[in-house]
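First up is the structure itself, then whatever we jot down about it.
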């Protein structure tokens, strides 16, 4: 038996979220706070990631880490503190990061003779070690990843999206040839990032490369993953950079090739951060809160005791045991000293993919109520069949979320031909047009309306190939976070 | 067929490690460098954890994290930067940490109005959130853990043992009663720390509590895990603190109890760090390098191609596949452009529990050579039986390492009755004597010879009970790292 979802609470309803259509940024703030994902830290721009938010991060981390290892990279850890002088070695890099640096000037009760920078990214310190570790072509490729916190001082912080400190992984590699480096940067883009964002988080993503204006400070090419959020804005969800030989030359990363000649290494770096959590909130959330694909939900199923009753408690406990035995992550909510409605709303806010409500009335007829979060549909199911029903429902959740996000993106994506049209369409979603119709001057014009080229793609809409004519490229433009 | 281990290389042997008996600190440095565990960072006291060292850490982390979750704690993440004022709220705490703080005074291109401290530990910032999150007895217990980097400026750094930045986990909990907090601190000590240190890392550990002189700044009782290193010195491997209501009062962490009365929470905090890697090096290492229990070895078995030969390559590859299928972490070393001897020594240095050498001579007779790292015994085994032999050998490695460490500790542990005797015995290992024979004055006398009370135990050698008379306690004293 299936019934229609409850209506969304009206704007006056007690404790209701701001509706997305009313004020999307406010809705985002509300969800992050009320789903207990994160709090602002005491120092401006910093963030406390609460257990529910961190639980999502742990699952994303595990998915990424497995794929990073499959791509052959080893984890390592480099220091938080970097000598100021290191940052100055690569010219574009220091220019890109200087305004955002946090600097330690006192330590151990004294003024430091040389202030140290809190890493905004680790290119400089890691490459100083690569120069030491790499001597011969036998030492290549060198494939290193690190999970770490980094600091970029933010004047307009926003939880998960833009914070003064964030958690991320940053990969750094060195290769013998430009082709090998490019292939590796693209392997990470597809086999690690796209695979996790789409295959695990169920967020549709477009890929391409950044314009010179938008690329990473020190890179020769920045590949990017761009998702569309619920308000039509783009979010850069991850980037993979070809660094060319810029850092190799700045840090002296040389190897002797098979013929004994000294060569500079070709490098990549790539990173995704806790920003992914913000992407998931904004791509999947609805007016009732978060919606999570089961693969990254800290809890896949919550079993709620509707009201105190011995039989109900017993049935709920035994159902939890059966669900755990079936391999699900399950939480029992038997806090009957808090009202049932309040608890339901809280789990809905947190985006738990499935709820099972066990109450005396249903139970008298041998039933329980199952509610799937993504469509908010309530179904009466027999207690004995609940595990099978929940397993089936969870199996379809990610695809349903994906389809909805994909449809929303398609509805807000427009092919245009001029910058004037792109200005209009890009304010609502993604506009696609020939890069030759934009160019650096068009980029300036768009930028005045806070619209940027999110990425460039090849003539067929795929990634650009090395030989592609600049004029054959397609630009995807939009507003962004 | 089994043959005796090779003799240790003499002091003049090319590339030999310093012998442990000759210069233990130097041996330690050599092993950390040559097994590629870690390097010094560019900023004094910081550390680069290389993939081999980080691989060990990842396995320790996984073992700890599983146990922490089983103990009911959730992971979260709190900011790196703490307002200076927070640290001043708990008097003993600020006194304990002030000399070691690193302070950010500039950020985003400006002088900060209020400098921020880089966390030396997170008690202050976490407790400021506990005050917000805890209102009612229903919010208790609150059990939080975080994996993070912390900074304590070190003037005499030593890789893994004492570095200006290190990685750790820090748990922070709040409970309704003192007993509950005490029980939880002890649960962490035994079910998380002892279980990992002894059950996973195979390092024998004694437990007890610290004297007032040695306890954590702000705690009412510090429980500790102390291991004995290869030179007879103690290493504090992890601590679990009862904080009483000290931080609760400083930060206003209050809850309304069942009767509606306001109460201060009772708290614990507990941590272990990358120092554990140093403990494993120093407890298990020998004159040939590191020795790792399989559970924490990044690679359990390395299969070495002795010499280029088509049959050898094929046999080695197929053996690797069989070992992987049997569930082992395996590395194939077919870098025949590097001498076989050099590669063997490198794997031995890295402490890989088992090596299998596949060479044309053995293979012609259908055999391979298996070398177990802990006893350096070489055995000729039939190729077809190699998986079974290796599995059996790995199954016995941890117990053998444990037994050796345990025997070494027993040989260096002495029961004494006076401080004078403790001074002598404590210089070589652990001396045990009645705490009533030491007392705070005895502690001062010992401290002049760099000997400290590592822990106090109950009259039966177990953990002290709440009701135990101070005079019935037993002190374990020794030198320490």
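The values are calculated or read from the model by the stated rules, or taken from the named source; none is laboratory data. Quick caveat: nothing in here was measured; it's all calculated off a predicted structure. Cβ sites come from the backbone with ideal geometry, for glycine too, and all protein chains shown count toward neighbours.
Out of curiosity, is residue B:346 touching a helix residue (DSSP H, G or I) at 6+ places or on another chain (Cβ under 7 Å) and either outside any loop (DSSP other than H, G, I, E, B) or closer than 23 Å to residue B:201 by Cα (or both)?
no
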Quiz item: What's the number of the condition residue B:234 fails, among (1) surrounded by fewer than 24 Cβ atoms within 10 Å (Cβ to Cβ); (2) out of contact with any helix residue (DSSP H, G or I) (no Cβ under 9 Å at 6 or more places or on another chain)?
Solution: (1)
Quiz item: Just one of A:73, A:19 is under 30 Å from residue B:56 (Cα atoms) and either at pLDDT below 95 or not assigned by TED's automatic domain parsing to the domain that holds residue A:383 (or both); which is it?
Solution: A:73
Quiz prompt | In region A:15-50, the residues that are outside any loop (DSSP other than H, G, I, E, B) and within 14 Å of chain B (Cβ to nearest Cβ) | solution = A:33, A:34, A:38, A:39, A:40, A:47, A:48, A:49
Practice problem: Can you confirm whether region A:42-49 contains a residue that is within 23 Å of residue A:343 (Cβ to Cβ), in the same structural domain as residue A:214 (by TED's automatic domain parsing) and either modelled with pLDDT under 95 or touching a strand residue (DSSP E or B) at 6+ places or on another chain (Cβ under 6 Å) (or both)? | Solution: no
Practice problem: Give just the number: which of (1) more than 9 Å from every other protein chain (Cβ to nearest Cβ); (2) closer than 30 Å to residue A:297 by Cβ; (3) in contact with a helix residue (DSSP H, G or I) (Cβ under 7 Å, 6 or more places away or on another chain) does residue A:90 not satisfy? | Solution: (2)
Quiz item: Of the numbered conditions (1) away from chain A (no Cβ under 11 Å); (2) part of a helix (DSSP H, G or I); (3) crowded, with 22+ Cβ neighbours inside 10 Å, residue B:131 satisfies every one except a single condition; which is it?
Solution: (3)
Exercise. For residue A:319, state whether it is under 23 Å from residue A:33 (Cα atoms) and touching a residue at least 24 places away in the same chain (Cβ under 8 Å).
Key: no
Self-check item: region A:350-386, residues that are part of a helix (DSSP H, G or I) and surrounded by fewer than 22 Cβ atoms within 10 Å (Cβ to Cβ)
Solution: A:360, A:361, A:362, A:363, A:364, A:383, A:384, A:385
Practice problem: Could you grab me the full set of residues in region B:100-125 that are facing chain A (nearest Cβ under 9 Å) and touching a residue at least 12 places away in the same chain (Cβ under 8 Å)? | Solution: B:100, B:101, B:102, B:103, B:104, B:114, B:115, B:116, B:118, B:125
Quiz item: If you go through region A:212-225 one residue at a time, how many are buried (at least 20 other Cβ atoms within 10 Å of the Cβ) and part of a loop (DSSP other than H, G, I, E, B)?
Solution: 4
Quiz item: Can you name the condition, by its number, that residue B:231 falls short on among (1) under 17 Å from the mean Cα position of the chain (by Cα); (2) more than 30 Å from residue B:21 (Cβ to Cβ)?
Solution: (2)
Quiz item: Considering B:143, B:155, B:167, which residue is in a strand (DSSP E or B) and facing chain A (nearest Cβ under 9 Å)?
Solution: B:167
Quiz item: Only one of these conditions is not met by residue A:389: (1) in the same structural domain as residue A:344 (by TED's automatic domain parsing); (2) surrounded by fewer than 16 Cβ atoms within 10 Å (Cβ to Cβ). Which number is it?
Solution: (2)
Quiz item: Among the residues of region A:202-209, is any under 24 Å from the mean Cα position of the chain (by Cα), at positive phi and modelled with pLDDT under 95?
Solution: no
Practice problem: Residues being touching a residue at least 40 places away in the same chain (Cβ under 8 Å), part of a helix (DSSP H, G or I) and buried (at least 18 other Cβ atoms within 10 Å of the Cβ): count how many of those fall in region B:66-93. | Solution: 4
Exercise. Could you please find all residues in region B:56-81 being closer than 18 Å to residue B:351 by Cα and within 7 Å of chain A (Cβ to nearest Cβ)?
Key: B:58
Self-check item: When residues of region A:170-193 are limited to those that are under 22 Å from residue A:295 (Cα atoms) and buried (at least 20 other Cβ atoms within 10 Å of the Cβ), the one farthest from the other protein chains (Cβ to nearest Cβ)
Solution: A:189
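May I ask you to verify whether residue B:136 is at pLDDT 95 or above, surrounded by fewer than 21 Cβ atoms within 10 Å (Cβ to Cβ), within 23 Å of residue A:52 (Cβ to Cβ) and more than 8 Å from chain A (Cβ to nearest Cβ)?
Numbers: at pLDDT 95 or above: yes; surrounded by fewer than 21 Cβ atoms within 10 Å (Cβ to Cβ): yes; within 23 Å of residue A:52 (Cβ to Cβ): yes; more than 8 Å from chain A (Cβ to nearest Cβ): yes.
In short, yes.
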Self-check item: Single unsatisfied condition, residue A:154 versus (1) at negative phi; (2) touching a helix residue (DSSP H, G or I) at 6+ places or on another chain (Cβ under 8 Å); (3) at pLDDT 95 or above
Solution: (3)
